[in-house]
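No value in this document is a laboratory result; all are computed from the given coordinates. It should be emphasised that the depicted structure is a prediction, and the values quoted were computed from it without experimental measurement.
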Amino acid sequence: MIHNRADIRNANRIVIKAGTCVASTPEGYPSLLRISNIVEDVARLTREGKQVIIVSSGNMYYFILIWIYN
């Protein structure tokens, strides 16, 4: 059970939920700043020996495909 930030720091496995609202701007475009911050956090946690799992909705997959192909 997690009760405070110290419990999170001591966790070996961390799940990050990154939905469309987190990864996009109010105008509906990818927020490269937010996405790069998530990537940097995941890289840091991985270097610290943590196992990181990123969870997103099917909307995020669709959002990325639209962005790539437009």
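Here are the numbers for this structure:
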quantity	calculated
Kirkwood Rh and Cα Rg combined as Rg/Rh, region 1-51	1.07
Gain in span if fully extended, Arg5 to Tyr29, counting 0.36 nm per residue against the direct Cα distance	5.5 nm
Per-residue HN-Hα couplings for region 21-26 [Karplus 6.51, -1.76, 1.60; θ = phi - 60°; Hz; x = Gly/Pro]	5, 6, 9, 10, 7, x
